[in-house]
Amino acid sequence: VQLVESGGGLVQPGGSLRLSCVASGCTFSRYTMTWYRQTPRKEREFVARISGDSSLTDYADSVKGRFTVSRDNAKNTVYLQIDSLKPEDTAVYYCKVNNGGFDYWGQGTQVTVSS
């Protein structure tokens, strides 16, 4: 299983980004996909997840109302739309899938929120 994130960058407070994570090596539509983020000062923290058929989504309290997770199973891709960005959203964002009891992670994409 391979996961490749993209879409990060430098953005001003209040701005938006859309992160993408493309998966290969698994039957993508079967699996819940999860986004996490990590800063140098904190442990990796849960951000959002979406079920295989997109019927269920879940968000960390800190991002509810600003982040939206979605997926396109035809493209083996999960997205994270991030709006109203705050400096505290600065982190490396990772996607994860659990396949066969093992967690697979991408390499991450850096989001920096700064004026």
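The values are calculated or read from the model by the stated rules, or taken from the named source; none is laboratory data. Bear in mind that the values here come from a model prediction, so they are computed numbers and not experimental data. Neighbour counts are summed over all protein chains in view; Cβ atoms, including those assigned to glycine, are modelled from backbone coordinates with ideal geometry. We work out accessible area using only protein heavy atoms, side chains counted, and drop any ligands, DNA or RNA first. Shrake-Rupley method; radii C 1.70, N 1.55, O 1.52, S 1.80 Å.
For the chain, the equivalent ellipsoid derived from the Cα gyration tensor has semi-axes of 23, 14, 13 Å, listed largest first. Rounded to whole numbers, the Karplus 3J(HN,Hα) couplings from phi for segment 52-69 are x, 9, 6, 6, 10, 9, 8, 9, 5, 4, 5, 10, 4, x, 10, 10, 9, 9 Hz, using 6.51 cos²θ - 1.76 cosθ + 1.60 with θ = phi - 60°, and x at Gly and Pro.
Working note: Karplus 6.51/-1.76/1.60 with θ = phi - 60° gives segment 40-45 the couplings x, 8, 10, 6, 4, 10 Hz, where Gly and Pro are set to x. Evaluated over the chain, the count of Lys pairs having alpha-carbon atoms less than 23 Å apart is 6 (only pairs 8 or more residues apart or interchain).
For segment 87-99, putting each phi into the Karplus relation 6.51 cos²θ - 1.76 cosθ + 1.60 with θ = phi - 60° gives couplings of x, 6, 7, 4, 4, 8, 9, 10, 10, 9, 9, 9, 10 Hz, in residue order, rounded to whole numbers and with x for Gly and Pro. When +1 charges are put on Lys and Arg Cβ atoms and -1 charges on Asp and Glu Cβ atoms, the dipole computed for the chain relative to its Cα centre reaches about 60 debye.
Cysteines in the chain lacking any other cysteine Cβ under 4.7 Å from their own Cβ: C26. Placing +1 on the Cβ of every Lys and Arg and -1 on the Cβ of every Asp and Glu, with no other charges, gives segment 6-53 a dipole of roughly 120 debye about its Cα centre.
Taking the solvent-accessible surface of protein heavy atoms with a 1.4 Å probe, what is the per residue accessible area of segment 1-63 in Å²? Write out the running numbers ahead of the final one.
On the way: 3600 Å² over 63 residues.
Counting only protein heavy atoms, the per-residue value for segment 1-63 is 57 Å².
When segment 70-115 is described by a simple charge dipole with +1 on each Lys and Arg Cβ and -1 on each Asp and Glu Cβ, the residue from N99, P87, Q110 located farthest towards its positive end is N99.
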